[in-house]
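To start, the structure under review is shown below, and the notes come after it.
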Amino acid sequence: MSDIRKLVRQELLAIKAFDAKRPGFDTGVLLDANELPWAHACYQDVALNRYIDEMFDAEILDPLAAFYDTQSSHILLTRGSCEGIDLLVRAFCRPYQDNIVVSPPTFTIFAQCAMMQGASVIHAPLARDQDYKLDPQLLLNSVTDSTKLVFICTPNNPTGNLVSLEDILFITKALAGKAMVVVDEAYMEFAQGKSAASLVATHSNLVVLRTFSKAFGLAGLRCGAVIAQPPLISILNAMMLPFPISLLTTRSLKQALSDANINKMKQQVVEIQQLRENVKKQLRQLPVVKKVWNSEGNFLFIQLKQSEAVLKACHEKPILVRHFAGVKGFEDCLRVTIGLGPQNDVFLQMLASFEQISEVC
């Protein structure tokens, strides 16, 4: 072990860096990262020699507040929703004393941020035999006196299921004065449910995370939002390093939040929803597909009968999908982003080539 590795906190050595490399990115069918399939050019030439003063610009926060059904004073812009997760864990979890509760399978960054802070992670698993439905009472029973944050992902990544507003409200009320409830709504634009953002004004222990990476089609911009009551927004803002949001980001957001662009985004969401249901229907007719779960996101979670052979075929095309290698119980599962018709067809045609599937698979 090198001298540096001896000096670093030893538990951090077990954390693996996020691998952003995507073999086949330039030539393949990209169905692995839940991106929007349309490209948007949302910023124009701007002078970059000055520091930014637009992070709390009303031209951004006011339309966002209207869109999220909240108040502008309740919004903090962050570098993706991942920064919001990291800020919350650092704000509430004392190293080696406190814990968070998550409901796997879910977004892995919740647990990774806790590990980096030295906080422990308690699992309240989603019920696979109930299509990964969240059990509010099981979750609450998992909370201890040292729990500071309870994370709920809705629609859940990777399973795509929605947690009802009634369940979120029940959990939030039960944990009032005890723990914060953090609702990650990265895919809410694609869902038929109602956002929990409308509850933030009346529940101080509720935080909602949103992102511009998915439905807005701005993944390359790296911008998200934390929605919480003003006292917490002030604390999190003070924790951020100076000038966290770039001028190009704010200018792009202003353009993306115009009425015309929001209407365009909503139209594209409807198209993705229609494509999702069509792909789901076709997947359920294929012999190689064991199960397809219903989804409220821009992706589908599927279980395969010949996962290794399918993955090999994906690599050869290439077709990029999200595989859960090394995740116990999910080795035969894929998360597949809904792309445009021709992209989806390439994936479906590849799966259809596996016609002779033994019943014992």
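The alpha carbons of the chain occupy a box of 60, 51, 49 Å along the principal axes, longest dimension given first.
Distant-in-sequence amide contacts of Leu206, defined by a placed amide H-H separation under 5 Å and a gap of 5 or more residues or a different chain, comprise Val181. Note on Met116 and Glu355: their simple-model spin labels are 5.0 nm apart, each label 7 Å out from Cα toward Cβ.
For Ile152, the residues 5 or more places off, or on other chains, whose built amide H falls under 5 Å of its own are Val182, Val183, Asp184. If R0 is 41 Å, the Cβ-Cβ spacing of Asp259 and Arg284 corresponds to a FRET efficiency of close to 0.60. GNM on the chain, alpha-carbon springs under 10 angstrom: the most fluctuating residue among Thr106, Thr202, Thr249 is Thr202. DSSP beta bridges fully contained in the chain are about 50 percent antiparallel. With the simple spin-label model, which puts each label point 7 Å out from Cα in the Cβ direction, the His123 to Glu277 separation comes to 3.5 nm. Amide H to amide H distances under 5 Å link Lys290 with Gln303, Leu304, Lys305, where only residues 5 or more positions off or on other chains count and H is placed in the peptide plane. Taking the chain as a Gaussian network of alpha-carbon nodes connected by springs under 10 Å, the highest mean-square fluctuation of the residues Val270, Val288, Val163 belongs to Val270.
Over segment 58-258, the ratio between the Cα radius of gyration and 2.2 N^0.38 Å evaluates to 0.97. When both segment 64-90 and segment 199-276 are represented by their alpha-carbon centers, they are found 7 Å apart. Taking Gly326, Gly118, Gly28 in turn, the Gaussian network model of the chain (Cα-Cα springs below 10 Å) assigns the largest fluctuation to Gly326.
Shown here are the Rg and Dmax of the Cα trace of segment 164-236, at 12.9, 38 Å.
The number of Lys pairs in segment 58-258 with C-alpha atoms less than 22 Å apart, excluding pairs fewer than 8 positions apart on the same chain, is 7. Once C-alpha pairs closer than 8 Å and six or more residues apart are averaged by separation and normalised to the residue number of segment 58-258, the relative contact order reads 25 percent. Answer rounded, prolate or oblate for segment 108-208, using the Cα gyration tensor with square roots of eigenvalues a ≥ b ≥ c: rounded when a/c is under 1.5, else prolate when a/b is larger than b/c, else oblate. Cα axes put segment 108-208 in the rounded bin.
Bear in mind that the values in this text are calculations on the coordinates, not laboratory data. As the structure is a computational prediction, the values presented were derived from the model and not from experiment. Cβ: placed from backbone, ideal geometry, glycine included. Neighbour counts: every protein chain shown.
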